[in-house]
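The values are calculated or read from the model by the stated rules, or taken from the named source; none is laboratory data. Note that the coordinates shown come from a computational prediction; the quantities given were computed from them, not determined experimentally. Glycine also receives a Cβ, built like all others from the backbone with ideal geometry; neighbour counts cover every protein chain displayed.
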Amino acid sequence: MRLTLRQLEVFEAVARLGSYTRASESLHLSQPAVSMQIKQFEDNVGLPLFEQMGKKIHLTAAGREMHRYCLSINQLLAEAETIIEQLKGVQSGKLTISVATTASHFATRLLAAFAARYDGVTISLDITNRESLKNQLEQNEPDLVIMGQPPEGVEVESSVIMENPLVLIAAASHPLAHVKNIALKHFAAEHFVAREAGSGTRSAIQRFFDNHGVTFHTGIEMSSNEAIKQAVEAGLGLGIVSVHTLELELETGRLVILDVEDFPIKRHWHIVQRTGKRLSPVALAFKQFVLEEAQQFIRLPAPS
Ligand code: PGA
């Protein structure tokens, strides 16, 4: 068998996601490129690895055996990478970090300061939503993740970094802009510009409204906090965002935080890693840096 690591990577993605289309999206490849890699892989192995049943793709018996070895090979490669990073030490290692979309507002400043302190370090930063961070942790891809609530169903170790309050925002011209202590039930009749399903902010908001017995109506969904702020400013609805995403909008009077009972929604940022993951010296240094210094990279908006 003459297999390539690329073929193993594509095979693993198709097996995990059960779909050529989803594997091609996750690997940023075209679907024909994925099919081609799988075909070459099967030709090399000499047996079919997948079978199609209706719309679903399943591993054959040979595919299941191959998948088991594929996971061990990936595990060994990750270990080899960690050992090499340990030999390189803090000064010239590689750091792979993933952060929640909402955390990117302070995480980029944090990484810039870390990079300035350890200027030989190569940093790879992925910014994505909570659901995708959970998948990455399952696959043991990033060294460390900065996110809201640590995921369930994956074995992780996490530490609280700091608070992450969610506030209710409106356009400055909104009739409720200057009303004090607005009852939460009032908002059952309002429409919100909300984050997409899979966002940690979105599920925290939904949980909060459910716990208070108030219906949460979403008008439009958006995957970017910046887009939500602009939509709220344009009067498309109200929004609920982390206070860490708000900076100049309040100072320049484009948005206001409404004074709503039981708000802000209390949340925390966490730094998360897979249980038992051997962190490289760079990753350890970064974790320490985040726990000790993250707070100073928050820019809290001045009160409106
Ligand atoms: P989000 O992340 O960007 O997915 O909403 C925040 C979180 O993890 O709670």
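Okay, here's what the table says:
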| read-out | value |
| --- | --- |
| Any hit, the range 220-229, residues being surrounded by 16 or more Cβ atoms within 10 Å (Cβ to Cβ) and polar (S, T, N, Q) | yes |
| Single unsatisfied condition, Ser98 versus (1) touching a residue at least 40 places away in the same chain (Cβ under 8 Å); (2) away from the ligand (no atom under 16 Å from the Cβ) | (2) |
| Conditions (1) within 11 Å of the ligand (Cβ to nearest atom); (2) without any contact (Cβ under 8 Å) to a residue 40 or more places away in the chain; number of the one not met by Arg195 | (2) |
| Candidates Ala231, Ala177, Ala170, filtered to the one that is assigned to a strand (DSSP E or B), closer than 16 Å to Ile257 by Cα and either of a type in the set (Gly, Ala, Ser) or within 11 Å of the ligand (Cβ to nearest atom) (or both) | Ala170 |
| Qualifying positions in the range 111-129 - within 16 Å of the ligand (Cβ to nearest atom) and more than 16 Å from Asn225 (Cβ to Cβ) | Leu125, Asp126 |
| Lone qualifier among Leu236, Leu300 - being in contact with a strand residue (DSSP E or B) (Cβ under 9 Å, 6 or more places away or on another chain), away from the ligand (no atom under 14 Å from the Cβ) and assigned to a loop (DSSP other than H, G, I, E, B) | Leu236 |
| Test: residue in the range 154-163 that is of a type in the set (D, E, K, R), modelled with pLDDT of 90 or more and either more than 16 Å from the ligand (Cβ to nearest atom) or farther than 30 Å from Asp262 by Cα (or both) | yes |
| Top-ranked residue of the range 130-152 - restricted to ones that are touching a Lys or Arg at 6+ places or on another chain (Cβ under 8 Å) and modelled with pLDDT of 90 or more, ranked as farthest from the ligand (Cβ to nearest atom) | Asp143 |
| Criterion: closer than 30 Å to Glu79 by Cα, of a type in the set (Phe, Trp, Tyr) and surrounded by fewer than 21 Cβ atoms within 10 Å (Cβ to Cβ) - qualifying residue of Phe263, Phe216, Phe209, Phe289 | Phe289 |
| Complete set of residues in the range 198-225 that are away from the ligand (no atom under 14 Å from the Cβ) and acidic (Asp, Glu) | Asp210 |
| Positions within the range 17-48 being part of a helix (DSSP H, G or I) and touching a Ser or Thr at 6+ places or on another chain (Cβ under 8 Å), in sequence order | Leu17, Tyr20, Ser24, Gln31, Ala33, Val34 |
| Cross-chain or 6+ apart pairs with Cβ under 9 Å, the range 33-62 first and within 15 Å of Ala23 (Cα to Cα), then surrounded by fewer than 11 Cβ atoms within 10 Å (Cβ to Cβ) and modelled with pLDDT under 90 | His58/Gln52 |
| Check on Thr108, of a type outside the set (A, V, I, L, M), out of contact with any Phe, Trp or Tyr (no Cβ under 7 Å at 6 or more places or on another chain), within 12 Å of the ligand (Cβ to nearest atom) and within 22 Å of Val243 (Cβ to Cβ) | no |
| Total residues in the range 202-229, condition over 19 Å from Ala189 (Cα atoms) and among the acidic types (Asp, Glu) | 1 |
